[in-house]
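A short reminder: the numbers here are calculations on the coordinates, not readings from a lab. Note that the coordinates shown come from a computational prediction; the quantities given were computed from them, not determined experimentally. Glycine gets a Cβ as well: all are built from the backbone with ideal geometry, and neighbour counts include every protein chain shown.
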Amino acid sequence: MLLRPVIGKLQHKRVVLASSSPRRREILSNAGLRFEVVPSRFKEKLHKGSFAAPHAYAVETAKQKALEVADRMHQARAPFLGLLPAGCPQKDLRAPDVVIGADTIVAVGGLILEKPVDKQDAYRMLLRLSGKEHSVFTGVAIVHCCTRDGQLDTEVSEFYEETTVKFSELSEELLWEYIDSGEPMDKAGGYGIQALGGMLVEYVRGDFLNVVGFPLNRFCKELARLYHAPRAPGTPRPVQHDSIPAVDTFEDLSDSKGGGSDPARASGGVQAGGARPQAPRTQEADLNGVTDSQPGLPAGLLELMDGFKASKVLLTACKLQVFDVLKDRGPLSATDVAREIDASVGGTARLLDVCAALGLLDKSDRGYSNTETASLHLASDGEQSLHGLAAYHDGPIWGAFTHLGRAVREGAAWTPEPLLQGPHKWSTEATLQFMRASHGLSKLTAQHVATAFDLSPFTSACHLGGCTGALAHKLVQEYPRLQVTVFDLPEVIKLAGDFQTDAQLSERVHFVPGDLSSDSLPPADLYIFCSLLHDWPDDRLHGLLSRISGSCKPGAGLLLAELAPAEEEEEEASGAARRPPGLRTRGVGRRPRSPGQYRRLLQRLGFQDVRAARAGGLLHVVLGTRAPP
């Protein structure tokens, strides 16, 4: 309640968090802040040695993150205006008033530790911290934005917070057990104090939330200073925003039952503030002294209604092979791209502008070029290409949702019947389309699945529904003693050869046709099932796992992997408002199963020593061992 006057002043301003960190989102949401998340694309490659102290590096990185987002959102307004829904207050939905940037680092003995690049790097970091005190610095930049004559003006307030943390002496066993959990891989310094990493910590001096990722107490004091305290010479002045009026960005804290608001996830990487209904507000003055008693616009709902447009732009650009054209030849003008994709110049220019606004392309005076993400994942020939997945969503998935109303009335499935359940209904081209989608996603996730746990004790594995063998090939590459069998439908096995590239590794990968629901499973020490593209109902999944359990000898393992958005656990923990399951971008019709659900299920089926790990940020991986009878 202490900050209620500050929040009242900011009710009509649009706040953007320039970070995708789920921990920062949770901290700010629980504090009642309503904001959008626009992850910064600033490349964190500042030369650490050029800064006098570690905190200066963190502050500068935070500032550059926030400024990059502020400038990108300003540049993105023009091409998006024509795409917004009819009657939507267009200017309200774009330009930010305040952008918050943050960067957290760990420093020990003057050495800056950021996120580990692999398990060995995490090992070196944690070993360096073992038994010692270290400092956690979070640099924060608050960028006030306003638009004058079409130009963006910014004013920056910045600060940092330091917290001292002491680690216990870490045994080799504990250290590797923690690393194998997967938790260190996206954390500065290689640990997360709010989760399993808390067991490593002996004591903390200072702001605990600063170690988690955001110094909330200092941030609130800074807001109070900016908007209330008398301004001393040289301090930032309160910005008089004569730019576009912005939507509500803060929750009214007088509603004690409402709790924090978690940002509703919007499409295209831009995430909007909560979309749940709001109670009418009393009259209050904004920073310009203007009184407004009207309820705020439901920004989250408007973004949700409008989200399909961004998806269709991405899918269309993939279909027209825009990212292939620009991969090695950009920057190119709209005229050049139009010529290559055999399209009109005007239509191509509009498509390219929107792709740039979505962060898929970079636009300069020389023309358009791919972002690193687009070249890596959206060009059709990339090693980690998701082009096949985009084609699958643009084809059968998009077509199914086009007729969603009829499916609801008739009680039909919302998505095409899975290949595993209806192979006789699929044409060869439809089967190939599904396999391309599965192949791209499997190649992207294979390394994370293969290394989530140490699988070297196993000498034979069977990947059930292994499709093209992408994971199987990664497994034999990672574990030289391992032989892997890919077990899938005859229709799939017959076409799988079109996806094989490494003949040497293929000698240890064998393809066996069969039906998961009726045929005997090949013998193996380890069974693997990855539900990446399938939305398996509980009864069908339980039946399959029961069959696998029956085929497992004592000591055999079962490895499960499922896509799970990074925010799932944080949302469940905070009890924040969530999108209805049927409107999720992944897993239509049910929520992704948690590791705890899989653990309980496997234990009921006779598996022991069931372990779970988060891998690659978007995967839950669970490993269980069959107990003796």
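With each label modelled as a point 7 angstrom along the Cα→C-beta vector, the Arg205-Glu44 pair spans 2.6 nm. The modelled label-to-label distance for the pair Ser168/Arg366, using points 7 Å beyond Cα in the direction of Cβ, is 5.5 nm.
Calculate the FRET efficiency for Val117 and Phe308 from the Cβ-Cβ distance with a Förster distance of 30 Å, rounded to the nearest 0.05. Efficiency at R0 = 30 Å is approximately 0.25.
Spin-label model, Gln597/Asp71: points 7 Å from Cα along the beta carbon direction are separated by 4.4 nm. Gyration tensor analysis over the Cα atoms of region 439-529 returns equivalent ellipsoid semi-axes of 19, 16, 12 Å (largest first, whole Å). Here r is the Cβ-Cβ distance between Ser427 and Glu507 and R0 is 30 Å; the resulting FRET efficiency, rounded to 0.05, is 0.40. If R0 is taken as 30 Å, the Cβ-Cβ distance between Thr154 and Asn30 corresponds to a FRET efficiency of 0.60.
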